[in-house]
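Below is one structure, written out as structure tokens; comments come after it.
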Amino acid sequence: MIDNFKTDLVIRVAAVPQEELLKAMGYQKRTSANLERLQHVLDSPEFGLNDAGFDFKFSSEGFLRAMCTLVGMDMALTDQRITRVKKRLAEEKAAFQPYLWVDTGFKRKNQPLFALAVCEHQRYLHFPKGFWRLTLDRQLGRAQCMVREHVYETGGDLGIWGGIEQYSFYYKKDAAYLLARNGEVMGKREGPVPNQAIGSQELDVISSAAREAQQ
């Protein structure tokens with residue numbers, strides 16, 4: 001489906017020299033930073049509203065509004081689009097994001113804490129943006145496919161963590177389906193990820209930071 005609002009915006013912006021547009025928005029000269037920001041807003045499905053952009057002149061929303069005003073966009077439609085995008089982004093942020101946890105039955109022996117923390121992300125498989133909006137049966141079907149693909153790609157071995165035994169598909173907090181290596185559903189699990197690798201509070205903190213850096 002053609003996005004008329006986005007198409008109209010791109011066409012209108014293309015008709016104005018970039019330096020002229022940026023100057024009218026209050027930028028005294030064209031720089032690589034404001035040029036990149038302009039292009040990012042045009043390329044982004046969310047018009048850059050999902051970024052905490054700020055350059056001492058405009059917030060992300062302020063930048064978009066100023067650009068739309070200067071190229072003659074219908075501001076009533078602009079307001080509607082901004083409201084819709086912000087609502088969708090808020091829903092995305094608040095929703096639980098399903099994921100797969102790779103269970104190798106790992107028990108720490110003498111593996112360095114730092115090495116485990118660096119590799120912690122290998123045990124978490126994430127789904128595309130918006131995956132949580134699918135019905136549970138469709139989520140489960142895709143999770144089963146991802147399991148089979150992951151086993152094929154890794155050969156069933158997760159390096160420092162050892163051989164893969166099974167997967168936990170967390171479709172909501174503290175609730176998961178247990179999946180075999182072939183994707184077959186074996187049962188359910190209640191509670192958080194059984195992280196046997198954590199042998200100390202230090203690794204718990206480092207692992208959390210490592211996972212956040214991967215997202």
By residue number, the members of region 38-62 that are farther than 22 Å from GLN80 by Cα and in contact with a Gly (Cβ under 7 Å, 6 or more places away or on another chain) are LYS57
Given (1) open to solvent by 30 Å² or more (accessible area, probe 1.4 Å); (2) within 22 Å of ALA180 (Cα to Cα); (3) among the polar types (S, T, N, Q), THR104 misses just (1)
Considering region 85-99, residues that are assigned to a loop (DSSP other than H, G, I, E, B) and either open to solvent by 40 Å² or more (accessible area, probe 1.4 Å) or touching a residue at least 40 places away in the same chain (Cβ under 8 Å) (or both), and then whichever is nearest to TYR167 (Cα to Cα), we arrive at PRO98
Those residues of region 6-45 that are within 26 Å of the chain's Cα centre (by Cα), of a type outside the set (A, V, I, L, M, F, W, C) and either surrounded by 16 or more Cβ atoms within 10 Å (Cβ to Cβ) or under 18 Å from GLY72 (Cβ atoms) (or both) come to a total of 5
When every residue in region 100-151 that is touching a strand residue (DSSP E or B) at 6+ places or on another chain (Cβ under 7 Å), hydrophobic (A, V, I, L, M, F, W, C) and assigned to a helix (DSSP H, G or I) is compared, the one farthest from ARG88 (Cα to Cα) is VAL147
Among the residues of region 62-84, the number that are among the aliphatic types (A, V, I, L, M), open to solvent by 70 Å² or more (accessible area, probe 1.4 Å) and over 26 Å from GLY130 (Cα atoms) is 1
Restricting attention to region 166-199, the residues that are open to solvent by 40 Å² or more (accessible area, probe 1.4 Å), at pLDDT below 95 and assigned to a loop (DSSP other than H, G, I, E, B) number exactly 7
Of the residues in region 31-46, those that are of a type in the set (Ser, Thr, Tyr) and either out of contact with any helix residue (DSSP H, G or I) (no Cβ under 9 Å at 6 or more places or on another chain) or on the phi > 0 side of the Ramachandran plot (or both) come to SER32, SER44
Selection from region 107-138 of residues over 16 Å from the mean Cα position of the chain (by Cα), touching a residue at least 24 places away in the same chain (Cβ under 8 Å) and either farther than 22 Å from GLU165 by Cβ or open to solvent by 70 Å² or more (accessible area, probe 1.4 Å) (or both) yields LYS107, ARG108, LEU113, PHE114, VAL118, LEU136
Reported set for region 152-165 where residues are part of a helix (DSSP H, G or I), under 22 Å from PRO194 (Cβ atoms) and open to solvent by 40 Å² or more (accessible area, probe 1.4 Å) is THR154, GLY159, ILE160
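The values are calculated or read from the model by the stated rules, or taken from the named source; none is laboratory data. The shown structure was predicted, so the numbers you read here are calculated from the model rather than taken from an experiment. Positions of Cβ are backbone-derived with ideal geometry, glycine not excepted, and every protein chain shown enters the neighbour counts. Please note that ligands, DNA and RNA were not included when accessible areas were found on the heavy atoms of the full protein model with its side chains. Shrake-Rupley method; radii C 1.70, N 1.55, O 1.52, S 1.80 Å.
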